[in-house]
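Colleague: Please read through the structure below; I'll follow up with questions.
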Amino acid sequence: MIKVRFYTDDRDVCSIMEENLTGGIEIEDWLMQRMDGISFDSMDYPCDMEFCYDCYFQSDADELKAREIYGLLEISSLDRMGVRCTVWVTDHSLNEEIKITGR
């Protein structure tokens, strides 16, 4: 499973991305439109805070797809929007996480 975390300092991270990156499409749908071989699994707002958003994806090649997701996000100017992201590969129980890359 692939975990993608988006976070900002103190603003609604999903609204920022929908207004400035995805054209109003939810970020998980936007990623799936641009990536073959991933499917949306679930999402979470850790600590119920809007400045941090996790979304999870399934694939048959988690590490490869995680690197591709990060590459796509890296060229998407998230930094200019004040959004940072981190990508992990995790087991299905979400206990074991291997950080792929991120800031």
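Colleague: Which angle between 0 and 90 degrees, to the nearest 10, do you get for helix 62-74 versus the longest principal axis of the chain when only C-alpha atoms count?
Modeller: It works out to around 20 degrees.
Colleague: Let me ask something additional. What's the magnitude of the charge dipole for segment 2-102 around its Cα centre, counting Lys and Arg as +1 and Asp and Glu as -1 at the beta-carbon? Answer in Debye, nearest 20.
Modeller: Numbers: 9 positive and 23 negative charges, 75 e Å.
For segment 2-102, the charge dipole is close to 360 debye.
Colleague: Could you tell me which GluC sites (Glu not before Pro) in segment 1-75 are loop residues by DSSP with no more than 15 other beta carbons within 10 angstrom of their beta carbon? Walk me through the numbers before you get to the answer.
Modeller: Numbers: sites: E18, E19, E26, E28, E50, E63, E68, E74; in loops: E26, E50.
Sparse-neighbourhood loop GluC sites (Glu not before Pro): E26, E50.
Colleague: Please compute the contact order of segment 1-88 in relative form: average sequence separation of alpha-carbon pairs under 8 Å and at least six residues apart, divided by the residue count, as a percent.
Modeller: 44 percent
Colleague: With runs of 4+ DSSP H residues as the only contributors, calculate the mean residue ellipticity of the chain at 222 nm using -39,500 (n - 2.57) per run, divided by the residue total and rounded to the nearest 500. Mind showing how you got there, number by number?
Modeller: Numbers: 3 runs with 29 residues, N = 103.
Value at 222 nm, helices only, nearest 500: -8000 deg cm²/dmol.
Colleague: Next question. Identify which of C14, C47, C55 has the largest mean-square fluctuation in a Gaussian network model of the chain, with springs joining Cα atoms closer than 10 Å.
Modeller: Its mean-square fluctuation being the largest, the pick is C47.
Colleague: Could you tell me which label, among (1) 1.28; (2) 1.21; (3) 0.98, carries the value of Cα Rg over 2.2 N^0.38 Å calculated for this structure?
Modeller: Step by step, Cα Rg over 2.2 N^0.38 Å for this structure corresponds to label (3).
None of the figures in this text is laboratory data; all of them are computed from the coordinates on show. As the structure is a prediction and not an experimental result, all values here were calculated from the model. Neighbour counts run over all protein chains shown; Cβ positions are idealised from the backbone, glycine included.
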